[in-house]
Amino acid sequence: MPIVSVSLPDQMVQAMDEIQGSVGFAGRSELVRAAIRLLLDDTREKNALRGPTSAVIVVSHDKDDEEPVTRLKHRFEDIVKTHVHCKVSHEDCVEVFVLAGDGGQVANMTKEFQKEKKIRSVKLLPT
């Protein structure tokens, strides 16, 4: 099996160690392999979206990082049917987008959110 070297921020390594202990992964490598499998499955699911599609995207971010959300909401306004902004704490926000339209556009919107460095998490829920 090839060895791949990766640099990660201390906070991410600490979170990985907590997950490793609570879930029971044999080591960090096992956890990383499981995470990559999830990413591959997620990518396959997005790439399979075709034709008329409805879905929900849930995005989380710091309250000071609204710009990418606003930019992408306007870029994909033809498929955004509803957008709900929720400030869940003093620092944290959650955005919920209800989408309907071409599956490729739904997948593209999700991918664009995932590329944004200021976005903490993105979850696509096809309906």
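Using Cβ contacts closer than 10 Å as the measure, can you line up VAL6, VAL98 from fewest to most?
VAL6, VAL98
Quick one: net charge of GLY101's neighbours, Cβ under 11 Å, K/R +1, D/E -1?
-2
According to the square roots a ≥ b ≥ c of the eigenvalues of the Cα gyration tensor, what is the shape class of the range 12-61, taking rounded for a/c under 1.5, prolate for a/b larger than b/c otherwise, and oblate for the remainder?
Because a/c hits 1.5 or more and a/b exceeds b/c, the range 12-61 counts as prolate.
Let me spell out the model: positive unit charges on the Cβ of Lys and Arg, negative unit charges on the Cβ of Asp and Glu, origin at the Cα centre of the range 1-68. What dipole size does that give, in debye rounded to 20?
The dipole of the range 1-68 has a size of about 540 debye.
In whole angstrom, note down how far apart the Cα centers of the range 88-115 and the range 1-62 are.
17 Å
Let a ≥ b ≥ c be the square roots of the eigenvalues of the Cα gyration tensor of the chain; is it rounded (a/c under 1.5), or, if not, prolate (a/b larger than b/c) or oblate?
oblate
Let me have the 222 nm mean residue ellipticity of the chain computed from DSSP H runs of 4+ only, each contributing -39500 (n - 2.57), with the sum over all residues rounded to the nearest 500.
-13000 deg cm²/dmol
For THR127, THR110, THR70, what ranking results if the residue with the fewest other Cβ atoms within 10 Å of its Cβ goes first?
In order of increasing Cβ crowding within 10 Å: THR127, THR70, THR110.
With +1 assigned to the C-beta of every Lys and Arg and -1 to the C-beta of every Asp and Glu, and no other charges, what is the dipole magnitude of the chain about the Cα centre in debye, to the nearest 20?
440 debye
Could you please rank SER54, SER121, SER89, placing first whichever residue has the fewest other Cβ atoms within 10 Å of its Cβ?
Ordered by Cβ neighbours within 10 Å, fewest first: SER89, SER121, SER54.
May I ask for the net charge around PRO68, where only other residues with Cβ less than 12 Å from the Cβ of PRO68 are counted and Lys, Arg are +1 while Asp, Glu are -1?
Neighbourhood net charge equals -1.
Could you check which residue among PHE25, PHE97, PHE76 shows the biggest mean-square fluctuation in a GNM of the chain with a 10 Å Cα cutoff?
PHE25
Mind checking which of LEU31, LEU49, LEU72 has the largest fluctuation in a GNM of the chain, springs on alpha carbons under 10 Å?
Maximum fluctuation in the GNM of the chain, among the listed residues, is at LEU31.
Where is the GNM fluctuation largest for the chain (alpha-carbon springs, 10 angstrom cutoff): GLU77, GLU112, GLU91?
Greatest mean-square fluctuation among the candidates belongs to GLU91.
Readers should treat all values here as calculations from the given coordinates under stated rules, not as data from a laboratory. Model, not experiment: these values are computed from the prediction. All Cβ positions, even for glycine, are placed from backbone atoms using ideal geometry, and neighbour counts span all protein chains on display.
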